[in-house]
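Notes for the one structure printed next.
The values are calculated or read from the model by the stated rules, or taken from the named source; none is laboratory data. Computed from a predicted model, the values in this text were never measured in an experiment. Using ideal geometry, Cβ is built from the backbone for each residue, glycine included, and neighbour counts are taken over all protein chains shown. SASA here: full protein model, heavy atoms, side chains in, ligands and nucleic acids out. Shrake-Rupley method; radii C 1.70, N 1.55, O 1.52, S 1.80 Å.
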Amino acid sequence: MEHMPSHLFSLPLVFLPEEVAAAVPKRLSESFSLRAARLGDSQEFIVAIACARPTLLTVRSLVRAVSKVDSRHVAIYSPYLDGNMMKALSCEGVAYIRDDGNVFLPFLGVAASPVPQGRAAKPLSPHAQRIVLNVITGRWDGVSAGELAETIGLSRSTITNCLAEIEAILPSSISTEWRKRIVRNPGMSKDELLAEFEPYFVSPVRGRKLLKGRGALDPLKRNGALLCGESALPYYSDLAHDTGILRLALYRKDIAAVMTETGEDWIEANWFEAPDIIVEEWSYGIDGASEASVASREFKMLDAIGLYAEMRGEGQDDVRLLDAVSQLREEACR
């Protein structure tokens, strides 16, 4: 055990004199040496010291065998755990120790590892950005991958890719609890979280439909259209209200339903015509709506964080817009 670290997280790793006599199959007892240990004043757990490079199959078999005869948690120790093996173990909730910089002890609530390799931080995909916005607001704080897949209506593999994008930016926002991948706020303020993810935000607006006509607004309301852009920004800032064109945000999958329902009541304006309504086509579902509504229109508004994702970077040559977006960010972080 000359490679075994004596301290983890500045706490002494102490091996107890007690012998661990777990009745495990001979092939496993020959591959692992079991020792009782304690990290500082924590609860006792069992360290399974691998005699050779362990495989995922033998680790699974050992943890299963020990759990049948001993209620204490098991942590695998081996200096030969590579990145893929550590990732596989953490995904299955299996505790491990490689060295003092690579530790995963979920039953003690502690973990340490280098920034994940193999995936560089990059601009967020639409669904990953949606998840981030909901974590910042607290709506999806502590939600598992399975729950996200069900809520958003996406496959588990797509959600897994989204969580990998988020983990590449802020590793501490993704944790593993047994076999569940969890996305959560790692104890940061809204301002701190936004500062971490904001450089990787991408505009949610894929396109805009400029509409003219006398069509009813009810189909837009029924399909979840929300007041956005310069129609919503005055309610979060000192920007003067624009009483002309109404700007609405709608998930791209809902726009077709609206256009079908309204028929010829709303038509797309020609390039030389001033539209009556601008409908933004969003690349992901809109979850956040302010409880406030505009009395004359009866539309709810985007919440502050959703509106900020839309408006950041807009109006770079317009001082009044820049000031309004700055105020909006302050509102989003409250």
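Here are the numbers for this structure:
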| read-out | value |
| --- | --- |
| Of all residues in region 243-288 being touching a Pro at 6+ places or on another chain (Cβ under 7 Å), modelled with pLDDT under 85 and open to solvent by less than 50 Å² (accessible area, probe 1.4 Å), the one that is nearest to Leu154 (Cα to Cα) | Val258 |
| Residue in region 3-57 that is most open to solvent (accessible area, probe 1.4 Å), counting only those that are farther than 24 Å from Met85 by Cβ, in a loop (DSSP other than H, G, I, E, B) and charged (D, E, K, R) | Asp41 |
| Subset of region 134-146 (residues that are farther than 24 Å from Glu198 by Cβ and outside any helix (DSSP H, G or I)) | Ser144 |
| Unique match (being more than 24 Å from Ile286 (Cβ to Cβ) and part of a helix (DSSP H, G or I)) among Ala149, Ala195, Ala168 | Ala168 |
| Selection from region 289-300 of residues that are out of contact with any Asp or Glu (no Cβ under 7 Å at 6 or more places or on another chain) and either open to solvent by 10 Å² or more (accessible area, probe 1.4 Å) or modelled with pLDDT of 90 or more (or both) | Glu291, Ala292, Ser293, Val294, Ala295, Ser296, Arg297, Glu298, Lys300 |
| Output for region 72-101, where each listed residue is in a strand (DSSP E or B) and acidic (Asp, Glu) | Asp99 |
| Residue in region 194-223 that is surrounded by the fewest Cβ atoms within 10 Å (Cβ to Cβ), counting only those that are free of Cβ contacts under 8 Å to residues at least 60 places away in the same chain and closer than 15 Å to Leu124 by Cα | Pro199 |
| Glu314 modelled with pLDDT of 80 or more and either farther than 18 Å from Lys221 by Cα or open to solvent by 20 Å² or more (accessible area, probe 1.4 Å) (or both) | no |
| Matching entry among Leu154, Leu211, Leu217, Leu170 (being modelled with pLDDT of 90 or more and of a type outside the set (S, T, N, Q)) | Leu154 |
| The lone exception for Val69 - which of (1) over 22 Å from Ile182 (Cα atoms); (2) under 33 Å from the mean Cα position of the chain (by Cα); (3) part of a loop (DSSP other than H, G, I, E, B) it fails | (2) |
| Some residue of region 135-149 being open to solvent by 30 Å² or more (accessible area, probe 1.4 Å), within 21 Å of Met86 (Cα to Cα) and under 11 Å from the mean Cα position of the chain (by Cα) | no |
| From Gly118, Gly93, residue being modelled with pLDDT under 90 and closer than 24 Å to Gly187 by Cβ | Gly93 |
| Odd one out for Arg64, checked against (1) of a type in the set (Lys, Arg); (2) assigned to a helix (DSSP H, G or I); (3) surrounded by 14 or more Cβ atoms within 10 Å (Cβ to Cβ) | (3) |
| Counted residues, region 74-87 - those being more than 25 Å from the chain's Cα centre (by Cα) and either buried (at least 19 other Cβ atoms within 10 Å of the Cβ) or hydrophobic (A, V, I, L, M, F, W, C) (or both) | 6 |
| Residue check, Ser90 surrounded by 14 or more Cβ atoms within 10 Å (Cβ to Cβ), small (Gly, Ala, Ser) and within 23 Å of Glu167 (Cα to Cα) | yes |
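Results for (1) in a helix (DSSP H, G or I); (2) over 30 Å from Gly142 (Cα atoms); (3) out of contact with any helix residue (DSSP H, G or I) (no Cβ under 6 Å at 6 or more places or on another chain), shown as yes or no for each residue.
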residue: Ser231; (1), (2), (3): yes, yes, yes
residue: Asp238; (1), (2), (3): no, yes, yes
residue: His241; (1), (2), (3): no, yes, no
residue: Ala256; (1), (2), (3): yes, yes, yes
